[in-house]
């Protein structure tokens with residue numbers, strides 16, 4: 001029997017995709033926002049595709065901030081954009 005694949009929604013394009021294909025941004029219990037590439041950190045998470053256009057759409061519409069229920073520093077956006085650029089370059 002095939003194992004169930006966890007699906008999550010991208011905050012940019014709003015498509016449901018397998019969790020492993022997305023990048024997780026998490027707000028931990030202390031209120032700190034980090035990028036969780038492994039998907040294991042505790043806290044409230046939001047997911048985004050590994051595509052630059054999804055990132056830009058989520059940033060412009062403030063979808064990540066709404067999903068995490070707090071403001072996100074520009075530094076986090078810059079790091080997230082850097083991670084997405086690395087993934088796009090690698091693929």
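For segment 21-41, the criterion of a residue being in contact (Cβ under 8 Å) with a residue 40 or more places away in the chain and in a helix (DSSP H, G or I) is satisfied by no position. No other residue among 5, 84 is modelled with pLDDT under 95, at negative phi and touching a helix residue (DSSP H, G or I) at 6+ places or on another chain (Cβ under 6 Å) apart from 84. Listed conditions (1) closer than 16 Å to residue 11 by Cα; (2) over 11 Å from the mean Cα position of the chain (by Cα); (3) in a helix (DSSP H, G or I) are all met by residue 71, apart from (3). Take residue 58 and tell me if it is touching a strand residue (DSSP E or B) at 6+ places or on another chain (Cβ under 9 Å), part of a helix (DSSP H, G or I) and touching a residue at least 24 places away in the same chain (Cβ under 8 Å). When the stated conditions are applied, residue 58 passes them.
The values are calculated or read from the model by the stated rules, or taken from the named source; none is laboratory data. Source: prediction; values computed, not measured. As a convention, Cβ positions derive from the backbone with ideal geometry for all residues, glycine included, and neighbour counts pool all protein chains shown.
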